[in-house]
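The values are calculated or read from the model by the stated rules, or taken from the named source; none is laboratory data. Remember, predicted model here, so these are calculated numbers, not experimental data. Quick reminder, even Gly has a Cβ in these numbers, built from the backbone with ideal geometry, and neighbours come from all protein chains shown.
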Amino acid sequence: MGSPWPPGVTSGETDAPLCFRRINNRKKHTERHRDASPAAVYTICMLREQPRADETLQGVQQALDSRVWEYDGVEVRNSNAGLGLFATRRFLPGEVIYSTGWLTVKGPVEDVELVAQTIVDGRITTVEVTAKHMVVFEDGRWLDVPGCFINHSCAPNMKSVFLDPSGSGQPSVFDYVALVELLPGDEITEDQTRFDWGDDGLEFECQCEAAGCYGLIDGFGGLPPNIQQQAGDTLSMEAKRRWALLGPQE
């Protein structure tokens, strides 16, 4: 019986998340040592295909259970669009709302419901985290709580700035940065197409009613070509990686 994990997953990867969905049909590549037997090579491959403990669903759930996921200045609230993230104090343009890393999930997640505790309407509340709260990056899905409840807007008031403090070439932390002045009670929104490529079956009709609203949201890959051309240098994470794979744009 084959490994349940996608080819290319290694236990020695950096902290950057890898997605369970193989977007490109990449063949598994294994470096053979000159004296390695076929059995030894097979063992190496199997070890490389095992996710780290914190990347399994059980491991991620254990991590979520370890604390109440709260940050000063923000809380999850119920709204007309369901749950969203709201400011509880003033933030100036360019101010970091909060900084965080993320949890990585490898393996199928379509029917999975994780749970986490965060602040909802001023109280510690258990919330469900499903596939729609996770973002594809390469061979995995990543999430952070409470940031996974930030709703999309085509005219956002916040952006995610991904950072690589280790110099590994892969981001491992990011800042939520205010684009405009935020006052207590303002909902925090982001343009999810700037880091999500789409094509994962989780598209939706945007209701932001902003001028120039994209309409159907299916990641950066689902935007009209003229918008892609204008926004190509504003991308990060999977949107940036997939856009680069397409090569120079005419």
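Just a few scattered comments:
- When residues of the stretch 98-122 are limited to those that are in contact with a Gly (Cβ under 8 Å, 6 or more places away or on another chain) and buried (at least 21 other Cβ atoms within 10 Å of the Cβ), the one modelled with the lowest pLDDT: Lys106
- Here the condition is being without any contact (Cβ under 8 Å) to a residue 40 or more places away in the chain, within 18 Å of the chain's Cα centre (by Cα) and buried (at least 16 other Cβ atoms within 10 Å of the Cβ); of Phe174, Phe220, Phe149, Phe195, it holds for Phe220 alone.
- Checklist (1) in contact with a strand residue (DSSP E or B) (Cβ under 9 Å, 6 or more places away or on another chain); (2) over 18 Å from Asn157 (Cα atoms); (3) in contact (Cβ under 8 Å) with a residue 24 or more places away in the chain applied to Pro108, failing item: (1)
- Summed over the stretch 123-169, residues that are part of a loop (DSSP other than H, G, I, E, B), modelled with pLDDT under 85 and in contact with a Ser or Thr (Cβ under 6 Å, 6 or more places away or on another chain) total 1.
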